[in-house]
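A short worksheet on the structure shown next.
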Amino acid sequence: MEWLMFVPLAAMALITATLVIVLRNPVYCALSLVGTFFALSGIYLLLQAQFIAVIQVIVYAGAIMVLFLFVVMLLDLGHERPLWLQRDRPRLLIGVGAVVLLLLELVIPVGSWTARVPQGSSTSELMGGVGNTQLVGRLLFTEFLVPFEITSVILLIAIIGAMVLARR
Amino acid sequence: MIWLIPVIPLAGSLVVGLIGRRMPRMLVAVIACGAATCSLMLSAMSFARLLLLPVEGRQLRASLGSWIASGDFSVSFGFLFDPLSAIMALVVCGVGLLIHIYSIGYMTEDRDYPRFFALLNLFLAEMLILVLADNYLLLFVGWEGVGLCSYLLIGFWFERPAAASAGTKAFLVNRIGDGAIVVGLIWMILLFGSLDFRSVLMDAPTVLAYGSVTASILTLLLFIGATGKSAQLPLYVWLPDAMEGPTPVSALIHAATMVTAGVYLIARSAPLFQLAPLSLDIVAWIGGLTALYAASIALVQTDIKRIIAYSTISQLGYMFLGLGVGAYAAGVFHLMTHAFFKALLFLSAGSVIHALAGEQDMRRMGGLRKYLRVTAWSFLVGALANAGIVPFAGFWSKDEILAAAYASGHWPLWAIGCLTALGTGLYMFRLYFLTFEGRSRLDAHTLGHIHEAPWSMRLPLVLLALGSATVGFVGVPPGSGRLQQFLGQVFPVSAHEVAIEPSVEAVLAVTALAMAIGGIVVAYRYYLVDPHRPETLAARYPTLYRTLFHKYWIDELYDAAVVRPTVNAARTLSEVFDARMVDGTVNGVAALVNRIGSLLRRLQTGQVPAYVLSIVVGAVVLLGYLAFSG
Amino acid sequence: MTATVPLSAYLILSAALFVIGVAGVLIRRNVLVIFMAIELMLNAVNLTFVAFARFLRSMDGQIIVLFVMAVAAAEVAVGLAIIIALYRNKESANVDEINLLKG
C-alpha cells in the first residue's frame, strides 16, 4: 500500500527535478520545481508529517515559487544555450564526475546503514491521538521557543534586506 | 638610614642629568657636591654609630625590600655597614667629594658640565652600592654600574676617537672579568643556595673543604673579575688608556672608586679565600708581579698622567700582594692610604695640565715649582707618600704588606716588593724632578699663560696633602694599629699570620725605606744633576729601553692575539653567515611566498561557478573520507 | 508490515534529489535556475529530516524542517533582491559574466 503511493510520488519528484535543471526556459523550470514540491508534499504525508506537507505546499509551492516566477518574468531572461554546447568543457566534465561520485558516496552508505532502535516517543498511536499539528506546535512553543523567536528576527532582517537591495 | 648613602648621589645624578641643562652651572655644582657631602656625612654618622656598638656586633643593616624571590633562593636590596664597608664608604665619599669640588674648577670651560657632574654622582652612587651591598648580586650591580660609568667618563670627550676607543677598551676588558664573576656567582648559588654575604661566608667552611678544587676555582673566578676591575696582570691594559678621560675622572677611577672594587671584593670574600691556599698564592704572585711590572714600565714613560696610571697598577699590585699573603687588613689599609695620595697625585697633575693648557708631556715641562707653588708642594707630598717615605701614609701601609709577605714565608715576594719600592722611588721622583724642578723646557707662549689653579682646585689639593701625610698613623703601630683592630673582626685570622719580632720588622722597614730612598737618589742624580745620563743609558741598552717604552708590547700582543682574530671572525660571520645564510634564508622565504602567491592568485577568478565546483569537489573528498574510512 | 517503505528508500530518493540539485548548480548559467537548484537541494535535505523523524519516532526532525523553510524563505527573498540589483547593473543573469569577487 505504501509502495503504491511512494513509487509514483518518487518518480514524479525525480522527473520534475531533472526537468528543472535541463529545461532551457526559466519559466518551465520554475513550473517543474512546483511539481517537485507537490510530490515531496505527498511523501511528507506518507511519512505522517501532515503539518509539514501543508506548509510545503503553502510556503514553497505558493509563496516562494510565485516570487520566483515574478522575478523570472520581470527580468525577461530568455533561453540559455544548450548544455552540450557550453564552452567550458573541462569544468563540465569535472562537475559531472563530482556529481556521480557524490551520488555514489551518498547512496552506498545507505545500504550498509544499520537501522538504529527508534528512541523517540512520537509513535503512530500518539500521532493519531493528539495530532501532528498539535505536537509540532507544542514543541515549537516550549522546547524550541528561542530558535523560533530568532527565526522571526531572521525573517524581519530578510524583509529589510530585500527592500534595501531591490530599491531603485 | 644607611641605604640613603648610595641613594642620595643617585638622586642627585638623576636631577642633574635630566634637568641640569636648564640650570645655572652653580646650581649643578651645588647639587652634585651637596649629594656627595650628604653621603659623606651619613657615612660618618653611621661610622660613629658603629664605634658605639660593642666590638662583636659592629654592623648595621638595612633593606629596601625584596628583589628576587624564587623558591628557596632570594635576594634583597639589602645594605650592610660593617667595619670594612665603613672604611670603604668613608674613603669613597671623602675622596669622591674632594674630586667633585676639584671638578668645579677643572671643568668650568666644558660645555657638558651637567653631564659630567651627573656621571660623577652616578659613579659615586654605584661605588657606594658596591661597597654597601649585603649580598653578591647587589654588589655586582654596583660592580657593573662603575664599569658603565667608567666607560661613560673615560669616553666623556667622545668627539676624540682616542677617548671613545679608550672607553670601549675599558668596558670590554672589564667584561672578561665580569664574565668570570657571573660564572662564579651562579656557581655560588648552586653551592650555597644564597648570595647573601652572611650565609655564604658563614657556611663557607662547612660547604667547602679546605684546599679543595671547588674552593680554588670559585675564588679564582672572583679573582679574575678582580683583576679586570683592579687592573692586574693580565687585564690591566685598559687603565693606562683610561687617561683619555678628564683628569678628575682619572683621579676618581684610580683613587676612590673602580680599581679598589677588586680589592674590596677579595677582602669581602676573605673567608672564602681562606679556604683556598692555592688561590691566595696566585693572588699574591699576580699582585707582586704586577707591582714590579707596572713600576718598570713607569720608569720610561713621558706622559705625566700615564706614569701615575702605571703607578696605580703597581700600588694595586701591592694591595693584592697583601691580600694574597693573608694580610687583608694591610691590603685595605694600603687601599685607604693609596686613595689619598693617588687622588692627590692625579689632581696635582691635573692642576699642572690645567695650567699648561692641556700639555701632558713631561719633556716639555720642568721648573714649574716657581709658578705652581701649591701644586708642587702637594705633588711632592703625594710622591713621598707613594714612594713610601716615612712618615707619609704610603710608608706605613706598604711596610705592613711587605712585613706580612716576609712573615708568611713568601720571601721572594718580599724581595719583589722591595725591588718595586726602589722602582717606585725612582719613577715618582723622576716625574717630580722633570716636572717641577730643574730648568724650564716650556716655550715662551705657554710660559706667559701659566697660572695657578682656582681655589676650588687648590682646596682639595691641600686637604688631600694633609691626608696623605697623616692618614698613615691610623695604622700605627704596624699590625695592631687602630685600623687593624677596627677591621679585625671582619677578617678571618690568617693561617699565614705569624707573629713577627719587632726587631725583624724594623729591619724590614728600614730595608724597604732604604730601597725607596735609593730610588729617589738615583732619580736625583740622573734627572736633576745630569739630565743627559738617562739618554746615554737608554742608548747603551736599546732593547731594554724600547721594551719598557713600548710597555712590553703587550697592547700589540693583545691586538694581534685577541682583538684582530675577534674582529676578523666577526667580519667573516657578518659577511658569510649573516649576509648569505641569515639574509638568504629570510629573503628566500619571502621570495618563495611571493612565487607561491603569484601561482595561487590564478585560482581566484571571481567566477562563482569555479568556486562552487571547488566546494563540490571538497565535499566529495570529505564525504568520501567519512563514508569509507570506517 | 512488509509493505512498509524502508528508510533507505527515502534516503536514496533524497540523495538523488540532492545530487540533481548539485548538478543543476554546476551546469546551469542562469542565476535564477541555479537558485532553483539550491531550493531543490534544501528540499532533499528536508526529506531526510522528515524521514528520520518518522523512523526514529522523534518530532525534532519536523521542527528543524520548519526552521529550514523559514530560512529558505528569507534566503529566497534576499537572494532574489540581489539578483534584481545585479541585473539592473549588469543587464545579465549569466553567472559567467559576473566576476565581482575577483579582487
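Bear in mind these aren't lab numbers, they're just calculated from the coordinates by the rules spelled out. This one's a predicted model, so the numbers in the text were calculated from it and none came from an experiment. Cβ atoms come from the backbone with ideal geometry, glycine included; neighbour counts cover every protein chain shown.
Using Cβ counts within 10 Å as a stand-in for footprinting exposure, how do B:T219, B:T511, B:T257 rank, fewest first?
Lowest to highest Cβ neighbour count: B:T511, B:T219, B:T257.
What Kirkwood hydrodynamic radius, in Å, does chain B give when the mean of 1/r is taken over all pairs of distinct Cα atoms and then inverted?
The answer is 26.3 Å.
When the label point is put 7 Å from the Cα of B:L64 along its Cα-to-beta-carbon vector, which residues of segment B:131-152 have a backbone N closer than 16 Å?
From segment B:131-152, the list is B:131-146.
Using a basic spin-label model with each label point 7 Å from the Cα along Cα→Cβ, how many nm lie between B:F628 and A:A63?
With each label point 7 Å from Cα toward Cβ, the separation is 4.3 nm.
So how do C:S8, B:S43 line up by other beta-carbon neighbours within 10 Å, fewest first?
C:S8, B:S43
Normalised by the residues of segment B:68-141, what does the relative contact order come to in percent, with Cα pairs under 8 Å and at least six apart?
Relative contact order, segment B:68-141: 45 percent.
If R₀ is 51 angstrom, what is the calculated FRET efficiency for the pair B:A590 and B:R533, using the beta carbon separation as r and rounding to 0.05?
Efficiency for this residue pair is about 0.10.
Under 8 Å for C-alpha pairs, at least 6 residues apart: give me the relative contact order for chain B, rounded to a whole percent.
For chain B, the relative contact order is 12 percent.
Give me the percent relative contact order of segment A:1-81, please, defined on Cα pairs under 8 angstrom at least 6 residues apart.
33 percent
So what are the radius of gyration and Dmax for the Cα set of segment B:350-545, in Å?
My reading of the Cα-based Rg and Dmax gives 19.7, 61 Å.
Take the alpha carbon atoms of segment A:1-81, find their radius of gyration, then divide it by 2.2 N^0.38 Å using N residues; give the quotient.
Rounded to two decimals, the normalised Rg is 1.20.
With just the Cα atoms defining each centre, how far is segment B:135-172 from segment B:521-579? Give it in Å.
Each part's Cα centre sits 23 Å from the other's.
Going 7 Å from the Cα of B:L278 toward and past its Cβ, which residues in segment B:188-203 have a backbone nitrogen under 18 Å from where you end up?
B:188
Taking trypsin sites (Lys or Arg not before Pro) as candidate sites, keep only those in a DSSP loop with at most 11 other Cβ atoms within 10 Å, then name the longest stretch of chain B containing none of them.
Answer - B:112-438.
Along Cα→Cβ, 7 Å out, is where each label goes; now give me the distance between the ones at B:R482 and B:V567 in nm to one decimal.
5.3 nm
Quick one: putting +1 on the C-beta of Lys and Arg, -1 on the C-beta of Asp and Glu, what dipole do you get for the protein assembly as shown around its Cα centre, in Debye to the nearest 20?
Its charge dipole is roughly 1760 debye.
If the only charges are +1 at each Lys and Arg Cβ and -1 at each Asp and Glu Cβ, what is the size of the charge dipole of segment B:153-242 around the Cα centre, to the nearest 20 debye?
Here segment B:153-242 has a charge dipole of around 120 debye.
Where in segment C:42-56 is the amide nitrogen less than 20 Å from a point lying 7 Å along the Cα-to-Cβ axis of B:A619?
C:42-52
About the Cα centre of segment B:223-322, how large is the charge dipole given +1 on each Lys and Arg Cβ and -1 on each Asp and Glu Cβ? Please answer in debye to the nearest 20.
140 debye
If you average 1/r over every pair of different alpha-carbon atoms in segment A:128-168 and take one over that average, what Kirkwood value in Å do you get?
12.2 Å
Where in chain B are the DSSP H helices whose alpha-carbon span along the long axis reaches 27 Å or more and whose Kyte-Doolittle mean is at least -0.5?
In chain B, the long hydrophobic H runs are B:25-52, B:83-106, B:113-132, B:161-192, B:277-298, B:304-324, B:328-355, B:411-436, B:502-523, B:608-628.
Modelled label-to-label distance, B:T214 and B:D578, 7 Å Cα→beta-carbon offset: nm?
4.2 nm
Going by Cα centres, segment A:1-50 and segment B:401-417 are how many Å apart?
Taking the Cα centre of each part, segment A:1-50 and segment B:401-417 sit 118 Å apart.
How fast does the protein assembly as shown diffuse by Stokes-Einstein, in µm²/s, taking the Kirkwood radius from C-alpha pairs at 20 °C and 1.002 mPa s?
In µm²/s, the coefficient rounds to 61.
For B:K398, go through the aspartates and glutamates and keep the ones whose alpha-carbon is under 16 Å away, minus same-chain ones fewer than eight residues off.
Within the straight-line cut-off, B:K398 pairs with B:E505.
Sorting C:E97, A:E105, B:E109, B:E144 on the 10 Å Cβ count, fewest up front, what's the list?
Starting with the residue having the fewest Cβ neighbours, the order is B:E109, C:E97, B:E144, A:E105.
Pull up all non-local amide H partners of B:W67: gap of 5 or more, or a different chain, and H-to-H distance under 5 Å with H placed in the peptide plane.
B:V75, B:S76, B:F77
Would you mind calculating the gained length between B:T37 and B:I186 on full extension (0.36 nm times residue separation, minus the Cα-Cα distance), in nm to one decimal?
50.0 nm
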